[in-house]
Amino acid sequence: MTLTELLLMMFGAILVENFIFSKFYGCCPFLGVSEKPDTALGMGMAVTFVMTLSGAVTWCVYTFLLVSFELTYLKTIAFILIIAALVQFIEMFLRKYIPALYSALGIYLPLITTNCAVLSAALLSIQNDYGFVETVCFCFASALGFTLAIVVFAGVRVRLRFANPPRAFRGFPLTLLAAGLLAMAFSGFSGMSFR
Amino acid sequence: MSTKYSFGKQIREGLFENNPVLVQLLGMCPTLAVTTSITNALGMGLAATAVLICSNFLISLLRKFIPKQVRIAAYIVIISGFVTAIELLMKAYFYDLYGSLGLFIPLIVVNCIILARAEAFASRNPVIPSIMDGVAMGLGFTFALVLLGAVRELLGAGTLFGFAVLGSRYQPALLFIQPPGAFLTLGLLIAAVQKIRNVMKDKKKAAKQNAQKKSENAGEEEQA
């Protein structure tokens, strides 16, 4: 892959094939942790951090361990364990050495283990036969797309707080409808194709 | 629990009163993603149900041996083991479905419903109720998925299970099959569920107030 192709792939991963609005990976944190822009940004940054790292580690483990021992069918188990261990490790590392970052991201880290965006980014890179650099770039770009989606949506939800919907629509249904409208806006990107 | 155990009540809770998707609002990713057709929805629901039953069974069996500190990791290993088994089975026997569900089969591992039931039910209850809880919650999940899949397929393609239902004059509203339609349909569906629950709650309240008034009236009449 040339640099241009790499950049186009990243651009596509951020906007066209946005993890939330076109693939539905990571909808739980998207709907759960998007009440305030600050927390949404924190969650997005934590996901970006973990997703890029876990993409790199899972690629290495898959290519050098699972493939060479013909254990590729174990990739789901292996990847989720790696992600869980990595999240635990990052949490301990940040608490010890970078307390400032830990206080910003700490509360989101445990939630990320069961964030399907992280697992699916790792699995997708394997599925698409990406090399190491491409995997890292793809995971980073997908995570940026996730961050973009969750921060924009948090901005919408701040406005929604002042709305006065019918009783049946209060809370979750209204959130979903707003997400639907935002998804419509994002589907405008689907006409752009870089492949 | 063990003295007054009733399977019917568990099923009713899983399907309606405590439906994992429509009431507890768990497991949004597969719910939104695979409900483009009723077949996909049914396949996903049953696959997740199978995993849920197996994982509830094993976790309940091992609940006295799994140390508290590492329980989540242990649950994830158990769940992902079963997910891998289901994935291989589907690849062997239902290849079309396997193809159309794609990445969402391995993603059953991180489905919050399964982990939530392991943590909230299977780790605290005996084996038989845990299996039944898996059946009930799995059916509730499948029910919600099929409902959503039916609405989306009917409006978005004019078909059900791939058969044309609405006739050739119906212009399919493609939006409902596309990603935005998933959010909109689920939002409307949950709003409908909340409406029903509100009406039921109001009725219960009104009945209670009526009963109170009656008893007060009766008391006053007695005093008089």
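The values are calculated or read from the model by the stated rules, or taken from the named source; none is laboratory data. Remember, predicted model here, so these are calculated numbers, not experimental data. All Cβ positions, glycine included, derive from the backbone under ideal geometry; neighbour counts span all protein chains shown. Only protein heavy atoms, including side chains, enter the accessible area calculation; ligands, DNA and RNA are left aside. Shrake-Rupley method; radii C 1.70, N 1.55, O 1.52, S 1.80 Å.
When a/c reaches 1.5 or more, the comparison of a/b and b/c decides; with that in mind, is the stretch A:39-109 rounded, prolate or oblate per its Cα gyration tensor? Don't skip to the end; give the middle numbers.
Working: a/c = 3.10, a/b = 2.41, b/c = 1.29.
Prolate.
List the residues of the stretch B:68-88 for which accessible area in the full set of protein chains is at least 30 Å² lower than for the chain on its own; 1.4 Å probe, protein heavy atoms only.
Correct list: B:76, B:77, B:80, B:84.
Give me the dipole magnitude in Debye, nearest 20, for the stretch A:14-187 about the Cα centre, with unit charges on the beta carbon: positive for Lys and Arg, negative for Asp and Glu. Walk me through the intermediate numbers first.
Details: 10 positive and 7 negative charges, 154 e Å.
Computed charge dipole of the stretch A:14-187: roughly 740 debye.
Carbon-plus-sulfur fraction of the accessible area of chain A, 1.4 Å probe, in percent? Display every interim value, and only then the final one.
Working: 6260 of 9110 Å².
After summing per-atom areas, the C and S share lands at 69 percent.
Are any of the pairs A:96/B:64; B:9/B:201; A:23/A:75 more than 28 Å apart by Cα-Cα distance, and if so, which? Mind showing how you got there, number by number?
On the way: A:96/B:64 34 Å; B:9/B:201 19 Å; A:23/A:75 21 Å.
A:96/B:64, as the Cα separations exceed 28 Å there.
Test of understanding: express the Cα radius of gyration of the protein assembly as shown as a ratio to 2.2 N^0.38 Å, with N the residue count.
Values: Rg = 23.2 Å, N = 419, 2.2 N^0.38 = 21.8 Å.
Rg over 2.2 N^0.38 Å, computed on Cα atoms: 1.07.
Please give the residues from the stretch A:77-99 for which the solvent-accessible area of heavy atoms, probe 1.4 Å, is smaller by at least 50 Å² with all protein chains in place than with the chain isolated.
Checking the loss per residue gives A:77, A:80.
Quick one: helix A:172-187 against the long Cα principal axis of chain A, what's the angle to the nearest 10°, folded into 0 to 90?
Between helix and principal axis, roughly 60 degrees.
Relative contact order of chain A, please, whole-number percent, based on alpha carbon pairs below 8 angstrom and at least 6 residues apart. Could the numbers behind the result be given before it?
Working: 204 pairs, mean separation 83.4, N = 195.
Rounded, it is 43 percent for chain A.
Please give the net charge around residue B:62, taking every other residue with its beta carbon less than 14 angstrom from that of residue B:62, where Lys and Arg add +1 and Asp and Glu add -1. Each step should come with its number before you reach the end.
Working: positive: B:63, B:64, B:68, B:71, B:124; negative: B:119.
The answer is +4.
What percent do you get for the relative contact order of chain B when only Cα pairs under 8 Å and 6+ apart count? Walk me through the numbers on the way to the answer.
Details: 259 pairs, mean separation 70.0, N = 224.
31 percent.
What angle do you read, to the nearest 10 degrees and between 0 and 90, between the alpha-carbon axis of helix A:132-160 and the longest principal axis of chain A?
With rounding to tens, the tilt is 10 degrees.
Classify the stretch A:1-88 as rounded, prolate or oblate from the Cα gyration tensor: take a ≥ b ≥ c as the square roots of its eigenvalues, call it rounded if a/c is under 1.5, otherwise prolate when a/b beats b/c and oblate if not.
On the way: a/c = 2.20, a/b = 1.36, b/c = 1.62.
Note, shape of the stretch A:1-88 comes out oblate.
For the interface of chains A and B, what total accessible area is buried with a 1.4 Å probe, rounded to the nearest 100 Å²? Numbers along the way, then the final one.
Working: alone 10670 and 13190 Å², together 20710 Å².
Interface area, both chains combined: 3100 Å², rounded to the nearest 100.
Please report, to one decimal in angstroms, the Kirkwood hydrodynamic radius of chain B built from all distinct Cα-Cα pairs.
Details: mean 1/r = 0.0512 Å⁻¹.
Value: 19.5 Å, from the Cα pair sum.
Taking a quarter of the surface of the Cα convex hull of chain A, what do you get in nm²?
Working: hull surface 49.9 nm².
Average of the hull's projected areas for chain A equals 12.5 nm².
Give me the 1.4 Å probe accessible area per residue for the stretch B:73-224, excluding ligands and nucleic acids, in Å². Don't jump to the answer; show the numbers that get you there.
On the way: 8100 Å² over 152 residues.
Accessible area per residue: 53 Å².
What part of the accessible area of the stretch B:78-224, given as a whole %, is carbon or sulfur when the probe is 1.4 angstrom?
On the way: 5040 of 7940 Å².
About 63 percent, which is the carbon plus sulfur part of the accessible surface.
Per residue, how much accessible area does the stretch A:14-187 show when a 1.4 Å probe rolls over the protein heavy atoms, in square angstrom?
Values: 7530 Å² over 174 residues.
Heavy-atom accessible area per residue stands at 43 Å².
Under 16 Å Cα to Cα from residue B:68, which aspartates and glutamates show up? Leave out anything in the same chain fewer than 8 places away.
List returned: B:119.
Relative to the isolated chain, which residues of the stretch A:155-178 have their accessible area cut by 30 Å² or more in the presence of all protein chains (1.4 Å probe, heavy atoms, no ligands or nucleic acids)?
Correct list: A:167, A:168, A:169, A:172, A:173, A:176, A:177.
Any idea what angle helix A:75-97 forms with the longest principal axis of chain A, computed on alpha-carbon atoms, 0 to 90 degrees, nearest 10?
80
Under DSSP H, which helices of chain B have Cα atoms covering 27 Å or more of the helix axis and a Kyte-Doolittle average no less than 0.0? The partial results should precede the final answer.
Numbers: long enough: B:38-61 (34 Å, 1.68); B:71-93 (33 Å, 1.48); B:127-157 (43 Å, 1.57); B:179-223 (66 Å, -0.75).
Qualifying helices: B:38-61, B:71-93, B:127-157.
Which residue, A:22, A:135, A:86, has the largest displacement toward the positive end of the dipole of the stretch A:14-187 when charges sit on each Cβ (Lys, Arg +1; Asp, Glu -1)?
Projecting each Cα onto the dipole axis, the largest value belongs to A:22.
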